[in-house]
Amino acid sequence: MKAICVYLGSSLGNDPRYAQAAQRLGGLIAQRGLTLVYGGSNDGLMGLLADAALGAGGYVIGVLPHSLRANGIAHQGLSELHLVSDMHGRKALMMKLADGFIALPGGFGTYDEFFEALTWLQLGYHQKPCGLLNIAGFYTPFLAYLDHVVAAGFVKPPHRALILDDDDPISLLERLQNYQHTPISKI
């Protein structure tokens, strides 16, 4: 594993533990010699993550649609900033550049990006691990909902198990780095 893509909010949220987790994860990614791939913004948790990785000497790649750059949110201090035409291009390039994916707290964009990576894993389009950093129980109701979806017969238990979740960033990074993919039939 050489690069980790992190999906997270462009807002800070209302719990300071989210910001602390973003900063800690950014630093840990850099300390492990991994490249950080993320959405390229300087706002919210995204900016804190990138700043922490850069501050720890890390290599940080941002991927941002042209339209969002026009809003002035592009981080100016990144190792690389890739400008793409739209959100589809952003997700595709982030997926190509990364060897694994982590979602921190965030909104619709975070879920969209994470679920696309997870769906592609489920369908066998890639074999890269997908993890949720469950800071302050942020994803606990969501994980319970996914268990409900399994119980309702829409997701198989082995597919639900593709989501690695942890409340500790060190443990989650280790799980992603040690991930061994086992193909699971969608049928």
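The values are calculated or read from the model by the stated rules, or taken from the named source; none is laboratory data. Just so you know, these numbers come straight off a predicted model, no measurement behind them. Counting neighbours? That spans all protein chains shown, and the Cβs are built from the backbone with ideal geometry, glycine included.
Please verify whether V6 is more than 17 Å from D168 (Cα to Cα) and crowded, with 24+ Cβ neighbours inside 10 Å, treating the condition exactly as stated. Here the answer is no, as V6 does not meet what is asked. Among residues of the stretch 157-170 that are farther than 14 Å from F138 by Cβ and in contact (Cβ under 8 Å) with a residue 12 or more places away in the chain, those with a Cβ under 6 angstrom from a residue that is among the charged types (D, E, K, R) and surrounded by fewer than 18 Cβ atoms within 10 Å (Cβ to Cβ), sequence gap 6+ or separate chain, pair up as L164/R175.
Selection of the stretch 77-89 for residues being assigned to a helix (DSSP H, G or I) and either small (G, A, S) or surrounded by 15 or more Cβ atoms within 10 Å (Cβ to Cβ) (or both) yields M87, G89.
Within the set A92, A74, the sole residue that is buried (at least 16 other Cβ atoms within 10 Å of the Cβ), among the small types (G, A, S) and over 14 Å from G106 (Cβ atoms) turns out to be A74. Do you know which of the residues in the stretch 32-48 that are in contact with a helix residue (DSSP H, G or I) (Cβ under 7 Å, 6 or more places away or on another chain) and part of a helix (DSSP H, G or I) is nearest to D15 (Cα to Cα)? Selected residue: L45.
Determine whether E174 is acidic (D, E), crowded, with 16+ Cβ neighbours inside 10 Å and modelled with pLDDT of 95 or more. In short, no. Scanning the stretch 9-18 for residues that are assigned to a helix (DSSP H, G or I) and surrounded by fewer than 18 Cβ atoms within 10 Å (Cβ to Cβ) turns up P16, R17.
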